[in-house]
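One structure is given here, and the rest of the page talks about it.
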Amino acid sequence: MIYTSLLISLFSFSSATGAATVSPRISLQYATFQGVNDGNLTKFLGVPFAQPVSRFEVPKPPTQLLGLQDATNFGPACPQQALDPIPAPFPLDNFTISEDCLTLNVFKPTIANSASKLPVFVWFFGGGFEIGDSSNTDVRSVVERSILTEQPVIIVTPNYRVSAFGFLNSKEMLAAGATNLGIRDQIAALEWVRRHIGKFGGDASKVVAGGVSSGAISTGILMMSNKFNTNILFRGAFLQSGSPTITGSVADGQPGYDDLVAANNCTGSRNTFDCLKDIPFDSFMATVNRTDNIFGFNSLSGNWRPRADGEVIAQDPMVSVSKGLYSKIPIMTGDSDDEGTIFAFGNKNITTNTEFLGYIGSKFLPKSSPEGVALIGSLYPEDPSKGSPFDTGNANVLTPEFKRLAAFQGDFVFLGPRRFFLEHASTRQNTGSWLNKRGKANPLVGAFHGSDQGIWFPQNTTDTVGVDALINFINTLDPNYSAARGASTHRTDIYWPQWKTRASSGSTSLSTIGDPLSPTSGLTSLLTFSDPEKVDITAEDFRSDAIRSLNNLVFEAAIAK
């Protein structure tokens with residue numbers, strides 16, 4: 001069959017012709033690119049998917065480039081926000097940066113050509129909408145594993161603008177048509193894939209989009225964007241530690257804009273938008289770096305994020321979710337158990353219940369009543385045994401309120417929005433969800449935000465349950481193995497039920513899980529990863545009252561005028 005033939009051809013091609021010594025070239029409508037071979041993969045790196053951009057410009061399709069274009073190295077990262085340090089791994093690489101940064105990378109099986117029509121995975125990096133670039137995630141292992149399991153895929157990793165360069169939103173930005181520039185960049189990258197991926201061996205009609213953290217939140221927002229029909233640009237979504245969440249409006253971003261206007265001495269300008277555009281890069285970057293960041297005191301309540309503008313984002317995503325106004329495509333989505341721990345280090349000076357309530361009320365729930373905030377305080381108690389890292393008793397108590405803040409922030413930004421989305425989407429489309437509980441022994445952070453990266457993009461491990469499910473999903477929109485694909489080397493003992501499938505409280509052995517059942521008790525199924533390399537089906541019945549009440553308050557804020 002075609003997959004076996006492709007695999008045989010791949011190995012024979014590599015050994016017989018010495019493919020690794022040949023410089024691969026691909027000609028597109030606007031340029032010819034020279035990539036590089038890497039084992040049984042070929043990489044085209046730093047490929048422009050838009051014209052060179054200056055500050056606050058919307059992306060435009062690339063124009064003609066003369067001569068052979070070098071695509072053997074990653075392009076520059078977009079400007080990065082300075083972050084407070086934290087005691088946990090996070091992608092804080094020393095990037096080469098430039099405001100002209102709209103490039104992407106293509107990773108494909110070497111043997112793939114324009115006739116191959118392989119499925120495509122577009123991966124958006126994470127970083128809290130403040131940092132990150134297209135080289136953050138080493139995606140090669142997924143492509144290599146897809147070849148081995150005879151389900152080959154192509155992966156594309158685009159850049160998009162972050163921090164104030166990509167998510168400065170205000171009435172002035174709206175008037176200039178320059179809101180949500182980072183989301184516009186992602187749309188431009190997806191449009192490039194639709195036009196050009198065929199030359200690399202991909203099928204533009206078989207694209208799955210996904211990401212981690214802000215990349216996942218973005219993908220969820222793209223499912224309900226005004227700018228395009230999601231079903232045309234991607235047919236499935238993979239959301240790792242991020243779901244459509246409350247964004248607020250452009251007006252909510254105005255204070256951040258006004259602060260930069262003042263910091264750059266543009267207050268007296270007749271056109272503050274043009275003034276900010278013309279500030280020299282180093283000066284502008286310095287003022288951006290003095291603003292709040294995700295590891296500072298304001299944590300995940302900072303300014304640089306997507307905002308509902310009526311153009312790219314029609315309305316607050318939580319409202320769109322509640323109305324079913326999003327693409328009805330298959331979804332894989334999940335979180336780590338302790339999403340909030342790494343974001344609680346900036347709040348160490350919050351040490352009392354009064355300070356905790358004042359903080360969450362002013363930073364996260366400013367439209368809620370004091371009674372609503374007090375309710376959340378009671379559902380996220382001071383008892384450290386109920387805090388995050390969860391299931392660690394009274395350990396990891398950095399400060400009296402640390403585990404409480406970590407639990408609240410993790411649910412507010414990550415686990416709560418995921419559950420809200422699934423409660424609506426699971427009635428309309430195929431949905432699978434997971435929970436990562438690996439790494440509980442990590443001091444203070446536990447199974448922290450992004451710590452499941454090795455499940456989906458494994459390096460030097462035999463634990464392939466997650467990556468195999470991802471490859472299945474990219475190929476068939478179902479994380480479960482399909483015998484019809486004929487992949488003889490693929491594991492067949494993992495069955496991942498739909499999220500709405502009933503699961504008993506506790507866990508169910510993967511070897512005994514049956515066909516999907518209709519939800520009756522609200523105990524829904526999660527594929528749960530725990531130590532050591534254990535995978536179970538568990539019920540999503542944790543913190544039910546707390547997350548439901550929190551989601552209700554957030555939704556009330558989303559619809560408030």
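Numerical summary
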read-out: Structure-based [θ]222 nm, the chain - -39500 (n - 2.57) summed over DSSP H runs of at least 4, per residue, nearest 500; value: -9000 deg cm²/dmol
read-out: Entries of 348/437; 323/500; 277/348; 43/206 with Cα pairs more than 27 Å apart; value: 277/348
read-out: Cβ-defined net charge surrounding residue 24, 13 Å radius [Lys, Arg +1; Asp, Glu -1]; value: +2
read-out: Cα shape, region 405-445, gyration tensor, a/c 1.5 rule; value: oblate
read-out: Relative contact order %, the chain, counting alpha carbon pairs below 8 Å whose residues are six or more apart; value: 13
read-out: Part-to-part distance (alpha-carbon centres) for region 155-174 and region 272-305, which is given in Å; value: 12
read-out: Ordering of 246-254, 306-314 by burial proxy (mean other Cβ atoms within 10 Å per residue, highest first); value: 306-314, 246-254
read-out: Intensity falloff of the chain expressed as log10 I(q)/I(0), Debye formula with alpha-carbon point scatterers, at q = 0.06 Å⁻¹; value: -0.28
read-out: Residue 559-residue 325 FRET efficiency (beta carbon distance; Förster radius 22 Å; 0.05 resolution); value: 0.95
read-out: Within the chain, percent of DSSP bridges classed antiparallel, to nearest 5; value: 45
read-out: Share, in percent, of DSSP beta bridges within region 26-72 that are antiparallel, nearest 5; value: 60
read-out: Sorted by Cβ density within 10 Å, fewest first, the residues 161, 270, 548, 140; value: 270, 548, 140, 161
read-out: For region 360-463: rounded, prolate or oblate by the Cα gyration tensor [a/c cutoff 1.5]; value: oblate
read-out: Burial ordering of 478, 185, fewest other beta-carbon atoms within 10 Å first; value: 478, 185
read-out: Charge context of residue 201, other residues only, Cβ under 12 angstrom, K/R +1, D/E -1; value: +3
read-out: Ordering of 436-443, 336-343, 124-131 by burial proxy (mean other Cβ atoms within 10 Å per residue, highest first); value: 336-343, 124-131, 436-443
read-out: Fewest-first sequence of 424, 196, 449 by Cβ atoms within 10 Å of each Cβ; value: 424, 196, 449
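Any read-out appearing in this document is the output of simple, stated calculations on the displayed coordinates, not a laboratory observation. What you see is a predicted model; the values in this text were computed from it and never measured. Positions of Cβ are backbone-derived with ideal geometry, glycine not excepted, and every protein chain shown enters the neighbour counts.
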